[in-house]
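Report on the structure given below.
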Amino acid sequence: MSAHHAPSSVEASSATGKVRGKVGVRVVGRPDSLEQRVYLPEVIRGLGVTAKHFFANLFSRKYTVTVQYPEEKVKYPDRNRGLHRLMLRDDGQVRCVACMLCPTVCPAHCITIVPEETGNQNEKRPRIFEIDELRCVVCGLCVEACPCDAIRMDSGVHAPAVDFRGDAIQTKIDMLKRGTQSVATQGGVGSDWRSKQPSVKQYDPPK
C-alpha cells in the first residue's frame, strides 16, 4: 500500500457560488519490521533510562529536586505569599476595622468576618476573623483591598498539612500571633487629603 495518496479536488457549494480547493491526504502505515511490531527493544530502552535515574538518585540524588520537607526547606522569595497575619496598632489591638472589603473582594469566599462595636461610633472591629486556607487561592487581593494595612501575607510561613478540615481555618488569634505593629497611618490621611496636596496648575484649554 502506498504511503501517500495524490491530492484530490473537492467542491463545496456555498450561497455565493462554488469554491474549489485541494485537500492532501496522508496515510501513515503500521510498523513493518518485527522489531517495531513487538516494541520489545523500545521497552528495554525505556526501562534502561528509568533504571539510570533510579540508581543515580538512590546513591547521589543527581537528578532529583525533591526536598525532604520539613527537615529541609527552600528559601522563599521576598514576595512569596505565605499564611495570613493581622497587623497591630500602637496599643496592641488589631488594625482591622471590619470594613468587609477583604471578604467582598475574595474570589474564593474563604474569609469570614463578624464585626462588633468598639465604643467608637466611627469604626468597628472584628469579633470573629477566620480564613479557610484550604479554600484560599493565594491571590493576595485581600491584602491589596485592605485600606488599613490590617492583613498581610508576607509571613514567610508555608501552609501546613492538616488531617481535619477545621484545622486549616486560621482564626483571629492565630493571625495576631504572626502580626507585628504596623507603621502605616491608621485611617489614611483623612477625607480632606485633596486640600493638603501641593497645588498643581491645571491645564486650561484655549477657548
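Is it the case, given these coordinates, that Gly119 is within 11 Å of His84 (Cβ to Cβ) and out of contact with any helix residue (DSSP H, G or I) (no Cβ under 6 Å at 6 or more places or on another chain)?
On the way: within 11 Å of His84 (Cβ to Cβ): no; out of contact with any helix residue (DSSP H, G or I) (no Cβ under 6 Å at 6 or more places or on another chain): yes.
Taking the combined requirement at face value, the residue does not satisfy it.
Within the range 148-171, can you find the residues that are charged (D, E, K, R), surrounded by fewer than 17 Cβ atoms within 10 Å (Cβ to Cβ) and not in a loop (DSSP other than H, G, I, E, B)? Answer for the range 148-171, where residues must be charged (D, E, K, R), surrounded by fewer than 17 Cβ atoms within 10 Å (Cβ to Cβ) and not in a loop (DSSP other than H, G, I, E, B): Arg165, Asp167.
Can you tell which of Thr64, Thr50 is assigned to a loop (DSSP other than H, G, I, E, B) and either in contact with an Asp or Glu (Cβ under 7 Å, 6 or more places away or on another chain) or without any contact (Cβ under 8 Å) to a residue 40 or more places away in the chain (or both)?
Values: Thr50 fails: assigned to a loop (DSSP other than H, G, I, E, B).
Only one candidate passes the filter, namely Thr64.
In the range 165-186, the residues that are touching a residue at least 60 places away in the same chain (Cβ under 8 Å) reach residues that are of a type in the set (Val, Ile, Thr) and surrounded by 11 or more Cβ atoms within 10 Å (Cβ to Cβ) with C-beta atoms within less than 6 angstrom, at least six apart or across chains, in these pairs: Gln170/Ile131.
Scanning the range 51-62 for residues that are over 30 Å from Val157 (Cβ atoms) and surrounded by 10 or more Cβ atoms within 10 Å (Cβ to Cβ) returns Ala51, Lys52, His53, Phe54, Phe55, Ala56, Leu58, Lys62.
Residue by residue, here is whether (1) surrounded by fewer than 17 Cβ atoms within 10 Å (Cβ to Cβ); (2) outside any strand (DSSP E or B); (3) without any contact (Cβ under 8 Å) to a residue 60 or more places away in the chain holds:
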site	(1), (2), (3)
Asp90	yes, yes, no
Cys99	no, yes, yes
Ile113	no, no, yes
Glu116	yes, no, yes
Gly119	yes, yes, yes
Phe129	no, no, yes
Val138	yes, yes, yes
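In the range 176-184 there is at least one residue matching the filter, namely being under 30 Å from Glu71 (Cα atoms), modelled with pLDDT of 90 or more and not in a loop (DSSP other than H, G, I, E, B).
The combined condition, being hydrophobic (A, V, I, L, M, F, W, C) and either within 25 Å of Asp174 (Cα to Cα) or modelled with pLDDT of 90 or more (or both), is fulfilled by Val74.
Just one residue in the set Glu133, Glu144 is of a type in the set (Asp, Glu) and either crowded, with 17+ Cβ neighbours inside 10 Å or in contact with a Cys (Cβ under 8 Å, 6 or more places away or on another chain) (or both); that residue is Glu133. Can you find a residue that is over 28 Å from Asp132 (Cα atoms), among the polar types (S, T, N, Q) and surrounded by 11 or more Cβ atoms within 10 Å (Cβ to Cβ) anywhere in the range 30-37? Yes, the range 30-37 has at least one match.
So if I check each of Arg61, Arg85, which one is of a type in the set (Lys, Arg) and either closer than 30 Å to Pro147 by Cβ or modelled with pLDDT of 85 or more (or both)? Spell out how you get there, then give the answer.
Working: Arg61 fails: either closer than 30 Å to Pro147 by Cβ or modelled with pLDDT of 85 or more (or both).
After applying the criteria, what remains is Arg85.
The values are calculated or read from the model by the stated rules, or taken from the named source; none is laboratory data. Computed from a predicted structure; not experimentally measured. For neighbour counting, all protein chains shown are included, and Cβ atoms are generated from backbone atoms with ideal geometry for every residue, glycine included.
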